[in-house]
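Here the structure is laid out as structure tokens; the discussion comes afterwards.
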Amino acid sequence: MNTNPLGRTLIIIGSRGSKLAMTQTQWVADQIKAYRPDLDFHIKKISTSGDKITDVPLAKVGGKGLFTKEIENELLCGDVDMAIHSMKDLPTELPAGLKIGAVPGREDARDALVSRGHKKFSELSPGAVIGTCSLRRKAQLLAARPELQVADLRGNLDTRLRKVEEGKYDALLLACAGIRRLGRQEVITEIIDLETVIPAVGQGALCIEIRENNPFVEDLLRPLNHLETERAVRAERALMARLEGGCQVPVGAHARIENGALALRGIVASLGGERIVHAQNTGDPAKPEELGESVASRLIMMGAKEILDEIRGYEECPPTGN
């Protein structure tokens, strides 16, 4: 553990340098500081492969850990004491020596529509262009309204909003959580219900990743862990682990506590949304991995494996050089 020039314990937190990532990381630091005012914090900005590759859709970049690998390397080397990620960016298999230290309470996991003229999803004209870089969103949007166009769009929130204002896109589909954490709720036209679009695995949740066998940091983070969110995310990640094949694929999952049970729903879709399989189940909140695997098994029985195999064969993921 480091100390600052005043001899106080200094916690170094690794984060991506985007405005959203820094906002999320500062929030974590503030939460810990509230109950441990004796500690000081420094946020170290770390550029990831996903940050450097901005002109290619993520689905064509391929590879795992596009937004986490470089940060995890610094965590393993001891250059940072903990790392903050958006849970949806974290691969289901962590590097040896690392673990999830805490999962704070989840923001709204749903997707939000931002549109010109504040038109709702049902009001968009045929042929309207919606911007997103997510295959999951694209597939579900087209399944709901195949007469729309979905075009690739990456960049920070301001960049994406500007392209809508300029008329290059009629609407965007973004994570509601990110918009709210940046304090830009006013741009949301409509929050898309779960019957139309299932979120990404872990969407809306944060992950605080730490080294194993680090009791000081583990104890430090314990008050930040939100058990209900942690269990929901574990169920979703177990589903993804059963289905995952290394590329970004149109898989969605969302879990939450309902009437004392953990309820999980999941989807797998073809790229154009022509085929989409849904499955859901409930289980013991204390056994989230069992629930995740059971829903994944149902998806596989309904044809999810064939859909995913077809996607992987249709567009082979190129190497990232990592």
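The values are calculated or read from the model by the stated rules, or taken from the named source; none is laboratory data. These numbers come from a predicted model, not from an experiment. Here the Cβ positions follow ideal geometry from the backbone for every residue, glycine too, while neighbour counts run over all protein chains shown.
Within segment 263-289, the set of residues being in contact with a helix residue (DSSP H, G or I) (Cβ under 6 Å, 6 or more places away or on another chain) and part of a strand (DSSP E or B) comprises LEU264, GLY266, VAL268, ALA269, ILE276, VAL277, ALA279, ASN281, GLY283.
Can you confirm whether segment 216-232 contains a residue that is among the hydroxyl-bearing types (Ser, Thr, Tyr) and more than 21 Å from LYS287 (Cα to Cα)? Steps first, answer last, please.
Here is the first cut: in segment 216-232, the residues among the hydroxyl-bearing types (Ser, Thr, Tyr) are 229.
Then drop every residue that is not more than 21 Å from LYS287 (Cα to Cα), which leaves none.
Among the residues of segment 216-232, not one is among the hydroxyl-bearing types (Ser, Thr, Tyr) and more than 21 Å from LYS287 (Cα to Cα), which makes the answer no.
Conditions (1) touching a strand residue (DSSP E or B) at 6+ places or on another chain (Cβ under 6 Å); (2) under 16 Å from ARG136 (Cα atoms); (3) not aromatic (Phe, Trp, Tyr), marked per residue:
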| residue | (1), (2), (3) |
| --- | --- |
| ALA261 | yes, no, yes |
| SER270 | no, yes, yes |
| ALA286 | no, no, yes |
| MET301 | no, no, yes |
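Show me the strands (runs of 3 or more DSSP E) found entirely inside segment 33-128 where at least 1 residues are of a type in the set (Ser, Thr, Tyr) and modelled with pLDDT of 95 or more.
The qualifying strands (runs of 3 or more DSSP E) are 82-86, 111-115.
For segment 133-174, a residue qualifies if it is within 19 Å of GLY17 (Cβ to Cβ), surrounded by 15 or more Cβ atoms within 10 Å (Cβ to Cβ) and either out of contact with any helix residue (DSSP H, G or I) (no Cβ under 8 Å at 6 or more places or on another chain) or hydroxyl-bearing (Ser, Thr, Tyr) (or both), and exactly one does: ARG160.
One residue stands out among those in segment 237-258 that are over 20 Å from MET301 (Cβ atoms) and at pLDDT below 95: the one that is surrounded by the fewest Cβ atoms within 10 Å (Cβ to Cβ), which is GLY246.
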